[in-house]
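Visitor: The structure under discussion is supplied below as structure tokens; questions concerning it will follow.
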Number of protein chains: 2
Amino acid sequence: MTKNTPTDILADLSDIVGAAHVATGTDATRWSEDWTRQTHWTPLAVVRPANSSEVAKVVQLANRTNTSVVPVSGNTGLVEGTYAQGALMLSLDRMSAVRAIKPDARIAIVEAGAILSHIHDAANVHDLIFPLYFGARGSAMIGGALSTNAGGSNVLRYGSTRHLCLGIEAVLPTGEIVDLMSELHKDNSGYDLRDLLIGAEGTLGIITAAVLKLHPKPQAYATAMVATPSLDAALVLLNRLQQDTGGAVEAFEFMPGVYMDAYLERFPDARPPFDTRHEVNILVEVGAVSPRDATPQTDGTIPVAAHLETILETQFHTGGVLDAVVAQNESQRQDMWARREAAAEVARLRPNVIDNDVCVPVDRMQQFLDLITDRTKALDPDLVPICVAHLGDGNLHFAGWPSSQDPAVHKAIKQAVDDTAIELGGSFSAEHGVGLTKKPAMQRHKNSAAIQAMRAIKEALDPKGIMNPGKVLPDP
Amino acid sequence: MTKNTPTDILADLSDIVGAAHVATGTDATRWSEDWTRQTHWTPLAVVRPANSSEVAKVVQLANRTNTSVVPVSGNTGLVEGTYAQGALMLSLDRMSAVRAIKPDARIAIVEAGAILSHIHDAANVHDLIFPLYFGARGSAMIGGALSTNAGGSNVLRYGSTRHLCLGIEAVLPTGEIVDLMSELHKDNSGYDLRDLLIGAEGTLGIITAAVLKLHPKPQAYATAMVATPSLDAALVLLNRLQQDTGGAVEAFEFMPGVYMDAYLERFPDARPPFDTRHEVNILVEVGAVSPRDATPQTDGTIPVAAHLETILETQFHTGGVLDAVVAQNESQRQDMWARREAAAEVARLRPNVIDNDVCVPVDRMQQFLDLITDRTKALDPDLVPICVAHLGDGNLHFAGWPSSQDPAVHKAIKQAVDDTAIELGGSFSAEHGVGLTKKPAMQRHKNSAAIQAMRAIKEALDPKGIMNPGKVLPDP
């Protein structure tokens with residue numbers, strides 16, 4: 001093996017993808033920071049292949065030259081997974097095609113650089129949905145969503161990205177292409193390489209294409225704001241709603257009273273969800289795909305909304321619901337969602353926001369909240385906890401404004417959140433992944449036999465350690 | 001390392017689990033053949049640990065002594081996955097507890113040796129279901145179901161075993177216990193070892209416990225026999241049913257006319273499904289969990305059944321349905337299921353039945369059937385194809401009675417079925433796994449980069465190659 005200089009590598013890259021598709025210096029600036037703009041780096045270069053064969057050639061070159069490769073698609077991740085100081089970034093943005101929608105089979109075949117909202121649009125033409133929705137959907141790409149097993153607000157009904165994927169194509173760290181582009185719902189032919197690569201954050205290979213599941217598009221939504229006496233009561237309500245709607249609950253999102261206060265402070269013209277302030281505010285959405293549930297009646301009522309109202313009334317009479325408002329039209333529905341979707345903006349109202357992405361078993365949400373309230377108060381008595389949660393999945397984005405300016409206190413609060421989640425059988429990373437940011441938590445909390453097995457797999461598939469090095473796995 | 005003799009090993013095993021739980025000779029007979037009783041072997045011994053710590057000690061001993069270990073639970077597999085000539089069989093049958101049902105969280109925590117029907121019973125007490133159903137459920141255990149990612153008749157609505165599992169505990173080939181007993185719906189903390197071990201058929205470790213998802217129990221079923229003009233028309237009907245019931249289709253099972261003929265030959269007192277013979281007969285079942293759909297009305301009708309009847313009538317008028325009968329009571333429903341569940345018995349009516357377990361994309365079922373009919377007729381003009389299928393998943397159990405007695409012709413027919421499935425983007429193994437039986441198909445059809453990656457993972461996790469050796473992966 002000859003030792004190549006960066007100049008040789010750049011020339012070889014240009015041979016593979018064309019000089020126009022190798023960016024360095026200021027041309028690479030847009031790939032030189034993460035979405036939060038808090039982390040910056042200088043890559044060796046950014047290479048933008050046009051197809052999986054070019055991806056394979058680039059990875060083979062990287063292998064020969066011991067060059068680190070950091071794959072990047074929409075670059076909307078939150079855990080520094082695309083940090084690439086001195087590394088070759090491989091951008092999938094030119095591989096953006098939605099190759100096919102097969103409406104009868106209810107699948108989409110896409111390239112890794114396809115933007116989520118483009119996939120949404122392509123499915124919508126056939127009255128189908130690809131139900132992976134989160135704030136960054138206008139720039140996030142499916143390759144990154146698969147690599148991080150992204151979640152969002154509709155996991156409750158449709159599952160995470162992993163559950164929306166039937167097959168993938170990937171380039172392994174050795175530069176070989178594995179074709180697992182299965183359109184099958186059942187395929188027990190050997191180890192589940194698909195799910196191993198999904199969620200591996202680009203450390204075991206680069207996902208280049210995927211077969212995605214589509215679902216029928218709801219023809220109507222019933223959306224409500226509901227106040228319950230506690231999170232335990234909210235879980236009872238969720239189970240009741242799942243039972244009575246046949247599993248049609250699309251979202252079940254928690255916003256505490258203190259979050260609502262902050263929201264109304266930020267948007268003084270917005271309406272409060274209820275006449276009275278409540279501690280536990282929940283956004284419920286039920287989707288109706290069936291004409292029977294979705295078709296407006298002669299009196300203008302929509303069956304799914306009437307049904308939701310009946311269920312909530314019954315729960316009101318048993319004390320399981322303190323207050324409830326069902327959206328009467330799309331504009332009221334949008335107002336309800338606006339409250340939830342402002343979370344990132346609300347969190348940034350004050351400096352030093354501390355945030356987390358933890359998960360606990362759904363029947364321990366109340367216990368978690370009680371514990372973490374006490375523990376954070378012990379660390380910072382005036383902390384304002386503005387936690388929002390995908391309650392149906394047990395996924396809390398615990399955020400808080402500290403009164404203390406001491407970084408050590410901030411760190412202690414973050415760790416208390418992780419530790420409390422772990423103590424209750426939870427996880428320090430629900431949907432954002434590990435990247436660089438959560439490697440210390442991975443080291444502290446993941447059981448060592450599991451980490452050993454992950455390391456063995458990493459070494460087996462990436463013997464030179466060139467693929468997104470330093471991410472996910474704690475340093476030995 | 002000292003070289004141990006089998007006698008030493010048996011003594012050491014007795015020290016770990018107690019002499020009463022080490023079976024050899026005739027005591028091991030019940031573990032010395034597979035479910036089909038076609039394959040026999042003589043194991044070194046059968047060891048029956050009481051808990052995962054004993055499993056770990058047994059595996060550590062096997063590692064030290066280079067002893068092959070073949071895990072076994074219910075032993076109802078169909079691909080010789082428990083073949084264990086000269087190997088130490090590790091039976092999970094003593095680890096049979098359903099440790100807990102958590103009704104609010106809708107999970108079950110079980111040991112690997114828990115029998116499926118026991119899990120069903122335990123969930124039923126809480127009006128919940130564990131929706132993994134197949135013929136062998138009275139003896140199959142969850143450990144084997146997970147290791148083979150078993151399917152069944154309800155995958156369409158609830159997914160395969162993989163999709164019903166939140167967490168596992170496993171003993172790796174090195175004898176280390178990995179605790180991944182997550183009760184979480186979202187957990188992105190490192191590589192997906194859970195899904196790697198699920199479906200690995202005991203070659204990467206022994207699953208010892210699991211956290212399972214439970215679902216609300218349907219309170220009523222609407223069941224119908226439907227005749228359609230083609231499988232393509234059946235897919236249109238399925239999509240319509242999914243849309244109109246909000247995804248509540250529990251089963252969509254195909255039986256061709258020739259299968260019905262054979263069924264009626266075997267059970268002369270049974271009723272034919274329709275007054276007229278049809279080529280495409282489909283058993284449809286819709287489950288209603290909501291009281292709104294399930295509660296009998298004052299006139300005795302059950303809403304879900306009335307709804308199914310309306311949908312089928314509409315399809316009848318467009319020509320998408322040729323004939324349909326909706327079960328009016330539980331006894332009629334049982335008659336409908338009896339036709340489908342007799343498949344294994346019907347297949348054995350004549351000798352030399354050729355069977356397969358293939359999957360094709362759902363929109364290519366008709367094309368598959370057309371092609372395979374032509375191709376098998378070319379090989380054996382009088383072959384009687386009595387294929388049944390989980391049509392909603394694209395999973396065909398293609399079976400046929402050959403007129404030829406020539407084993408070479410039988411083999412050619414089996415291969416033609418596999419080859420045709422592969423040609424249409426399908427798989428040679430939908431839900432049964434690979435074991436020993438399908439290793440040749442694995443060699444012929446799986447792409448070589450994928451097999452290489454699987455081998456690398458196997459070597460990384462099982463460097464001594466002691467864990468269920470010779471299964472799944474083709475010999476190098």
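The values are calculated or read from the model by the stated rules, or taken from the named source; none is laboratory data. Predicted model, so just to flag it, every value in this text is computed and none were measured. Note that each Cβ is placed from the backbone with ideal geometry, even for glycine, and that neighbours are counted across all protein chains shown.
Rundown of residues vs (1) aromatic (Phe, Trp, Tyr); (2) within 23 Å of the chain's Cα centre (by Cα); (3) assigned to a loop (DSSP other than H, G, I, E, B); (4) within 18 Å of B:Gly175 (Cα to Cα), yes/no style:
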position	(1), (2), (3), (4)
B:Gln38	no, yes, yes, no
B:Val46	no, no, no, yes
B:Pro49	no, no, yes, yes
B:Glu54	no, no, no, yes
B:Val59	no, no, no, yes
B:Asn63	no, no, no, yes
B:Asn66	no, no, yes, yes
B:Gly74	no, yes, yes, no
B:Gly77	no, yes, yes, no
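Visitor: For region A:105-162, give me the residue count where each residue is assigned to a loop (DSSP other than H, G, I, E, B), surrounded by fewer than 23 Cβ atoms within 10 Å (Cβ to Cβ) and more than 14 Å from chain B (Cβ to nearest Cβ).
Guide: Count: 3.
Visitor: Given the criteria of a type outside the set (Val, Ile, Thr), under 30 Å from the mean Cα position of the chain (by Cα), outside any helix (DSSP H, G or I) and at pLDDT below 95, does B:Arg30 qualify?
Guide: The answer is no for B:Arg30.
Visitor: Please indicate, with yes or no, whether at least one residue in region A:408-415 is charged (D, E, K, R), in contact (Cβ under 8 Å) with a residue 24 or more places away in the chain, farther than 30 Å from A:Val249 by Cα and within 11 Å of chain B (Cβ to nearest Cβ).
Guide: Within region A:408-415 (the criterion being charged (D, E, K, R), in contact (Cβ under 8 Å) with a residue 24 or more places away in the chain, farther than 30 Å from A:Val249 by Cα and within 11 Å of chain B (Cβ to nearest Cβ)), the answer is no, since none of the residues qualifies.
Visitor: What do you reckon, is B:Ile177 buried (at least 24 other Cβ atoms within 10 Å of the Cβ), at pLDDT 95 or above and not assigned by TED's automatic domain parsing to the domain that holds B:Asp393?
Guide: no
Visitor: Moving on. Applying the selection to region B:275-302, what residues are assigned to a helix (DSSP H, G or I) and either in the same structural domain as B:Leu156 (by TED's automatic domain parsing) or in contact (Cβ under 8 Å) with a residue 40 or more places away in the chain (or both)?
Guide: Answer for region B:275-302, where residues must be assigned to a helix (DSSP H, G or I) and either in the same structural domain as B:Leu156 (by TED's automatic domain parsing) or in contact (Cβ under 8 Å) with a residue 40 or more places away in the chain (or both): B:Pro291, B:Asp293, B:Ala294.
Visitor: Could you please let me know if A:Lys102 is among the basic types (Lys, Arg) and within 14 Å of chain B (Cβ to nearest Cβ)?
Guide: Here the answer is yes, as A:Lys102 does meet what is asked.
Visitor: Report, by residue number, each residue of region B:190-237 that is under 30 Å from B:Glu169 (Cβ atoms), in contact with a helix residue (DSSP H, G or I) (Cβ under 7 Å, 6 or more places away or on another chain), of a type in the set (Val, Ile, Thr) and more than 9 Å from every other protein chain (Cβ to nearest Cβ).
Guide: Result: B:Ile206, B:Ile207, B:Thr208.
Visitor: If you check A:Asn329 against the conditions, is it in contact (Cβ under 8 Å) with a residue 40 or more places away in the chain, in the same structural domain as A:Ala224 (by TED's automatic domain parsing) and of a type in the set (S, T, N, Q)?
Guide: no
Visitor: Another one. In region B:416-450, what residues are outside any loop (DSSP other than H, G, I, E, B) and at the interface with chain A (Cβ under 7 Å from one of its Cβ atoms)?
Guide: B:Ser427, B:Met442, B:Ala449, B:Ala450
Visitor: For region A:346-376, name all the residues that are assigned to a loop (DSSP other than H, G, I, E, B) and closer than 21 Å to A:Ala234 by Cβ.
Guide: A:Asn356, A:Asp357, A:Val360, A:Pro361
Visitor: Would it be correct to say that B:Asp299 is buried (at least 22 other Cβ atoms within 10 Å of the Cβ) and modelled with pLDDT under 95?
Guide: no
Visitor: Here's another thing I want to ask about it. So which of B:Asp380, B:Asp357 is modelled with pLDDT under 95 and on the phi < 0 side of the Ramachandran plot?
Guide: B:Asp357
Visitor: On to the next question. All but one of (1) buried (at least 23 other Cβ atoms within 10 Å of the Cβ); (2) in a strand (DSSP E or B) hold for B:Thr203, so report the exception by its number.
Guide: (2)
Visitor: Of everything in region A:168-189, what is more than 9 Å from chain B (Cβ to nearest Cβ) and either touching a Cys at 6+ places or on another chain (Cβ under 9 Å) or part of a strand (DSSP E or B) (or both)? Give them in sequence order.
Guide: A:Ile168, A:Glu169, A:Ala170, A:Val171
Visitor: Need the failing condition index for A:Gln38 against (1) modelled with pLDDT under 95; (2) of a type outside the set (Val, Ile, Thr); (3) crowded, with 22+ Cβ neighbours inside 10 Å, just the number.
Guide: (3)
Visitor: Of the residues in region A:164-205, how many are more than 15 Å from A:Leu461 (Cα to Cα) and touching a strand residue (DSSP E or B) at 6+ places or on another chain (Cβ under 8 Å)?
Guide: Qualifying residue count, region A:164-205: 17.
Visitor: Would region B:259-277 turn up any residue that is within 14 Å of chain A (Cβ to nearest Cβ), closer than 21 Å to B:Val384 by Cβ and crowded, with 22+ Cβ neighbours inside 10 Å?
Guide: no
Visitor: Which of the residues spanning region B:443-476 are surrounded by fewer than 20 Cβ atoms within 10 Å (Cβ to Cβ) and over 16 Å from A:Leu461 (Cβ atoms)?
Guide: Across region B:443-476, the qualifying residues are B:Gln443, B:Arg444, B:His445, B:Lys464, B:Gly465, B:Pro469, B:Gly470, B:Pro474, B:Asp475, B:Pro476.
Visitor: Condition first: touching a Ser or Thr at 6+ places or on another chain (Cβ under 7 Å) and either part of a helix (DSSP H, G or I) or within 14 Å of chain A (Cβ to nearest Cβ) (or both). Can you find one or more residues in region B:377-395 that meet it?
Guide: yes
Visitor: Checking B:Leu197 against (1) touching a residue at least 60 places away in the same chain (Cβ under 8 Å); (2) under 30 Å from B:Ser53 (Cβ atoms), which test does it fail?
Guide: All conditions are met except number (1).
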